[in-house]
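Shown next, in structure tokens, is the structure this report addresses.
The values are calculated or read from the model by the stated rules, or taken from the named source; none is laboratory data. Just so it is clear, the model here is predicted, and its values are computed rather than measured. Backbone-built Cβ (ideal geometry, glycine too); neighbour counts: all protein chains shown.
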């Protein structure tokens, strides 16, 4: 019951229309569209393009995205095409500064390399699995429930004597989400789970791995906030904490944060720039 | 949503599962019956037959998938074209601004590392809120601290 | 006054070049190589609801949903639902509706479930209380075609255009001259407030222009603004989240919220050509 | 997604291997039966979308053709050539993309009814070669050292099909029996140019032992120059036969021989080749001398069997050489054949 209500509530923003329209003539709807994806392409992408614009790094225009009319105009134009002189590539010797690893070179900006969400990884390490393997099942089931994808089991890469961990022991579970599943999971996370987390006001404004990927760690109690688990909470012997890592195609943390905030992921201390 | 998409029947009820799980040999020290249930649910499920498309159904399927790819291509090209146009427009404006006024240009390229989208920005939903647009918004009154003269 | 015109720049004092004394004086408009510099605002109301899916998108979604269901792992319902619970009963009803829809390629799984849910809710008193109230995808303003209302064209991006008290080129995006010592985004904020009132929750997207438009003043205009023969407008991008435009009836006498498609009905063709590339089709 | 995999399995099974029109002309051709509409709404909508796209592209094609005619008329334009090539490219592109999604086109392609006169089928065959077959061909060519033993690595542009009576070399590097390759093969080069171009076709055996120099030599078993080929005429015939076909005859005692068929384009048109020596043939210098550019390659392997002896006796009319390692001088046997004593009494 609770599950159903919650599921309904969770769907309220995604598809609340089903309570209004019952039968009868076909009602115009966004049936089959993914609202986060649409939101990204309609609004976020363009704003990101403006906010991450760098006037010193503009790639020259190409005909790559041109429509047929433009291609035709190009074909009949009487401008003589100058042979493209490709300057020999000078391998720039880049040195590490202060022992930090080198950052990848940022590509030139244009309309089609705007930061976007690439994948979401949900990962849980189960410490109890060291002593008894089947404790991993609980986390396995939980991750499968919340992501609707079969997780993969992670095996220990190295032995740690202090933890009695040996190489090759199953120690965690992981799900990698892309595309439709990714957006559905993000929707659930942002609309249901994050607002109900206790004493959590948002990601810190310093979050990010340096290359625009951002992770959140969740306590075991957060798992119960997912509508799929709330209804059958007592069927899980143990709740585990888990990490959610957002892999973006952004190049810097600032761009990564900007992208996530476009999906309504809250950030702590973020000042809204609206007028007072 | 995803939960309801994956559907099917399992012949045993929860209680039956518990009962059935009880005599099962428990490996290790603290055996929990619920773990056994989860194991059964995860790995001893009846699997569905994969749809075997052939003949006309296969032909239809391939046409549908082809059309879907075409549709996605069209959409992507349209989006990229629009963004590219906007990008070039913006780039041209910045070039113009650079030529016009150095001071304005320098102010325009200043960026904050701590900028986010405002929380007021809402993601579109299937239907609008019943209240509709808030036309009567007034800015919150600024509390001006008393000046010490 | 001072506080408002102070450039709200980052990097603290670096850009606070203006002294307080000059700011109080009446400021002259900024002129560069015979062009007055103006700052325009492309204020948009983003789509409020997701767009209608095309018939193909709808049909493909239903088709692939069924294919997926055929090969997906069955839901261990007894794990998720307590036996005899309301949730289980409802799930069974949904499931029955789905089974029925599976047989007919013309029926949609999602819509079949929606129908049973509506029936269930009508029958159940407790959920009546929790019933969601939602607005309609086609609003009253759409039916009346009220171009002043922000409840209109919910699937599209609406742009604010204002009408100046003159015959030619009356309609345009809000714009105003950048004053000496002012930055583009400051000028944009100030102009929007002066022309359209304070009662709008506005967020400016960045500090850089997203487009520009240069034009020559008409003959009678040149005399009014000595030293300039035309104007260069740099457009700033902004979103509105709440509120409504209140024109001051001096500089601006009317306003409208229009989509990109409707814009040519108001503005001149050359103006539309200059701005169309920075507007969204949707 | 399980379902997708299953479907792909089915569809790839349905996909037939590449066959030429020539071979198919004799078979009874089944006709395309379009699935019924008004049953599955997704299929109906898909057809509508595809038709819409097709119509749009054809309307653009009309415009392009108009422009083409205009440009052709304007004779003294300095950019005429550039405009023409661009417009023609655009026209072909439009034609291909307009028809590519047509269910019937796809069905015909999958069932081997490939009409190389149609740009769309040419495009599909070329894409199939570039995506599927090329990597496998190059892998084999490199693994078995055809490159660099015969010539440097190059980028093949199309598939070479070698067919002996009843046996075809579908995959480069397969083993054939010497008895099967006595008669000259039918070689086809599935190219994609409508205009006729001249090619040189040769068969090289790089594994013939050279006893004098104690190494291997290349032998040219077949050499044809000035062979006219086009997309509608892919089969090698005509041209000037410089060296007539000699059946592959791997010598007794040698390891497998790689019989390599090379298709070389003659970019500068007709070439005149005086007689060439087939033994100690140098492919590299031949290519350099006549400025040929390699376009396609295929090869098969053979080892000795009794048929080779027959080829030597009947066709080559030579004494059959037998190769082998020289006998090892044993330190335990003396010249007279007596076993030397292990311990010598000094």
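A few comments on the model shown:
- Counting only helices (runs of 4 or more DSSP H) that sit wholly inside the range D:111-206, those with at least 3 residues that are more than 25 Å from residue D:249 (Cα to Cα) are D:119-128, D:134-143.
- Some residue of the range D:219-237 being assigned to a loop (DSSP other than H, G, I, E, B), without any contact (Cβ under 8 Å) to a residue 24 or more places away in the chain and within 18 Å of the chain's Cα centre (by Cα): yes
- Elements of type helices (runs of 4 or more DSSP H) contained in the range A:199-274, each with 1 or more residues being out of contact with any helix residue (DSSP H, G or I) (no Cβ under 9 Å at 6 or more places or on another chain): A:220-223, A:253-262
- Of all residues in the range B:19-51, those that are farther than 21 Å from residue C:81 by Cβ, in contact with a helix residue (DSSP H, G or I) (Cβ under 7 Å, 6 or more places away or on another chain) and modelled with pLDDT of 50 or more total 2.
- Among all residues of the range C:10-25, there is none that is farther than 30 Å from residue C:164 by Cα, within 11 Å of chain B (Cβ to nearest Cβ) and at pLDDT 85 or above.
- Cβ pairs under 8 Å, 6+ apart, first in the range B:120-140 and more than 7 Å from chain C (Cβ to nearest Cβ) and surrounded by 13 or more Cβ atoms within 10 Å (Cβ to Cβ), second at pLDDT 85 or above and assigned to a loop (DSSP other than H, G, I, E, B): B:122/A:264; B:122/C:48; B:123/A:263; B:123/A:264
- Only one of the numbered conditions (1) surrounded by fewer than 23 Cβ atoms within 10 Å (Cβ to Cβ); (2) more than 23 Å from residue C:46 (Cβ to Cβ); (3) in contact with a strand residue (DSSP E or B) (Cβ under 7 Å, 6 or more places away or on another chain); (4) facing another protein chain (nearest Cβ under 10 Å) is not met by residue C:227, and that is (4).
- All positions within the range B:72-86 that are over 18 Å from residue A:39 (Cα atoms) and in contact with a helix residue (DSSP H, G or I) (Cβ under 6 Å, 6 or more places away or on another chain): B:85
- Single residue of the range C:230-259 satisfying the filter (assigned to a loop (DSSP other than H, G, I, E, B) and touching a helix residue (DSSP H, G or I) at 6+ places or on another chain (Cβ under 7 Å)) that is surrounded by the most Cβ atoms within 10 Å (Cβ to Cβ): C:245
- Every residue from the range C:186-198 that is outside any helix (DSSP H, G or I) and either within 17 Å of the chain's Cα centre (by Cα) or more than 8 Å from chain B (Cβ to nearest Cβ) (or both): C:197
- Residues of the range B:52-62 that are touching a helix residue (DSSP H, G or I) at 6+ places or on another chain (Cβ under 9 Å) and part of a helix (DSSP H, G or I): B:58, B:59, B:60, B:61, B:62.
- Of the residues making up the range A:195-210, just one is within 20 Å of residue A:176 (Cα to Cα) and surrounded by 18 or more Cβ atoms within 10 Å (Cβ to Cβ), namely A:208.
Yes/no matrix, rows are residues, columns are (1) in contact (Cβ under 8 Å) with a residue 60 or more places away in the chain; (2) over 30 Å from residue D:89 (Cβ atoms):
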| residue | (1), (2) |
| --- | --- |
| D:150 | yes, yes |
| D:193 | no, no |
| D:210 | yes, yes |
| D:243 | no, yes |
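- Residues in the range D:71-86 include none that are within 30 Å of residue B:65 (Cβ to Cβ), surrounded by fewer than 20 Cβ atoms within 10 Å (Cβ to Cβ) and without any contact (Cβ under 8 Å) to a residue 40 or more places away in the chain.
- Condition met for residue B:82 (part of a helix (DSSP H, G or I), at pLDDT 90 or above, more than 7 Å from every other protein chain (Cβ to nearest Cβ) and on the phi < 0 side of the Ramachandran plot): no
- Residue A:217 in contact (Cβ under 8 Å) with a residue 24 or more places away in the chain and surrounded by fewer than 12 Cβ atoms within 10 Å (Cβ to Cβ): yes
- Any hit, the range D:268-285, residues being closer than 28 Å to residue D:314 by Cβ and touching a helix residue (DSSP H, G or I) at 6+ places or on another chain (Cβ under 8 Å): yes
- Filter result (more than 7 Å from chain B (Cβ to nearest Cβ) and touching a helix residue (DSSP H, G or I) at 6+ places or on another chain (Cβ under 8 Å)) within the range A:48-63: A:48, A:52, A:63
- For the range A:144-169, a tally of residues being within 16 Å of residue A:242 (Cα to Cα), part of a strand (DSSP E or B) and in contact with a helix residue (DSSP H, G or I) (Cβ under 8 Å, 6 or more places away or on another chain) returns 1.
- With respect to the conditions (1) facing chain B (nearest Cβ under 10 Å); (2) assigned to a helix (DSSP H, G or I); (3) surrounded by fewer than 17 Cβ atoms within 10 Å (Cβ to Cβ), residue D:39 lacks only one, and its number is (2).
- Of all positions in the range C:199-218, none carries a residue that is over 17 Å from the mean Cα position of the chain (by Cα), free of Cβ contacts under 8 Å to residues at least 60 places away in the same chain, on the phi > 0 side of the Ramachandran plot and within 14 Å of chain B (Cβ to nearest Cβ).
- Residues in the range C:219-249 that are free of Cβ contacts under 8 Å to residues at least 24 places away in the same chain and more than 23 Å from residue C:34 (Cα to Cα): 1 in all.
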